[in-house]
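The values are calculated or read from the model by the stated rules, or taken from the named source; none is laboratory data. Model, not experiment: these values are computed from the prediction. Counting neighbours? That spans all protein chains shown, and the Cβs are built from the backbone with ideal geometry, glycine included.
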Amino acid sequence: MTKDQNEKKMALLIVDVQNGVIKSAYNKDQVVENINIMISKARKSNVPIIWVQHADNELIKNTFEWEIDPRLEQSSDDYYIEKGFNSSFEKTNLDALTKQLGVNKIILMGAASNWCIRATAYASLERGYDLCLIGDAHTTETMDFGDGVVIEAKDIILELNTAMQWVEYPDRTNETVKADEFEF
């Protein structure tokens, strides 16, 4: 293979970092800062940035809760996808957009780790993309089942970071990297 055939065309995928989604999320201020680090790196490297916003009966479109956290550095040159399911690929044009852009590696971050980030990570791999989960740029809330069972948010995040280091798909790569260590 030539060098061009081996090169990875990446896109930065930022999922559901919306006011209502991260309101009570674990370590949200640091996560927002790490996402901005990645946005800056992507812009310097001319990597496309794709924002995903969830809307449903609880997260109503065009409300404050639905809006992307204003601390994040958006641009009119970025791409925007609206979704109604956990996976950013389900009933959206994300797959068509990434194919149009020539993307074969998705750099993933956002919220919530145990729902939309997990679903999008597996959907990316199942569709043939290489995947890098930015391990300190996704978040969720602690799950309290009300019967004494509690799964702490930090443990949910750790579990997904670990899974994305070890899960295997044929002819694809996947990894978990911290924002300050990632290079385009």
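So the values come out like this:
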| item | result |
| --- | --- |
| Candidate set: the stretch 151-184, residues that are of a type in the set (D, E, K, R) and in a loop (DSSP other than H, G, I, E, B); chosen: the one farthest from I35 (Cα to Cα) | D171 |
| Members of the stretch 33-59 found to be of a type in the set (G, A, S), touching a residue at least 60 places away in the same chain (Cβ under 8 Å) and assigned to a helix (DSSP H, G or I), listed by number | A42 |
| Residue count for the stretch 124-181, restricted to those that are surrounded by 13 or more Cβ atoms within 10 Å (Cβ to Cβ), more than 17 Å from the chain's Cα centre (by Cα) and among the aromatic types (F, W, Y) | 1 |
| Enumeration of residues in the stretch 116-172 that are among the β-branched types (V, I, T) and closer than 24 Å to K83 by Cα | I117, T120, I134, T139, T140, T142, I156, I157 |
| Qualifying position, being under 17 Å from L13 (Cα atoms), part of a loop (DSSP other than H, G, I, E, B) and of a type outside the set (D, E), among G148, G128 | G128 |
| Unmet requirement for D95, which otherwise passes all of (1) part of a strand (DSSP E or B); (2) more than 16 Å from D16 (Cα to Cα) | (1) |
| Flag for Y80 being farther than 26 Å from G102 by Cβ, at pLDDT 95 or above and outside any helix (DSSP H, G or I) | no |
| Conditions (1) within 24 Å of V150 (Cα to Cα); (2) in a loop (DSSP other than H, G, I, E, B); (3) among the β-branched types (V, I, T); number of the one not met by I117 | (2) |
| Tally, over the stretch 98-114, of residues that are assigned to a helix (DSSP H, G or I), more than 22 Å from D56 (Cβ to Cβ) and polar (S, T, N, Q) | 2 |
| Restricting the stretch 16-32 to residues that are in contact (Cβ under 8 Å) with a residue 12 or more places away in the chain and among the charged types (D, E, K, R), the residue that is surrounded by the fewest Cβ atoms within 10 Å (Cβ to Cβ) | K23 |
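Listed here are the residues, each with its yes/no results for (1) within 11 Å of D16 (Cα to Cα); (2) surrounded by 12 or more Cβ atoms within 10 Å (Cβ to Cβ).
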{"site": "I49", "(1), (2)": "no, yes"}
{"site": "H54", "(1), (2)": "yes, yes"}
{"site": "N57", "(1), (2)": "no, no"}
{"site": "F64", "(1), (2)": "no, no"}
{"site": "S75", "(1), (2)": "no, no"}
{"site": "I81", "(1), (2)": "yes, yes"}
{"site": "G102", "(1), (2)": "no, no"}
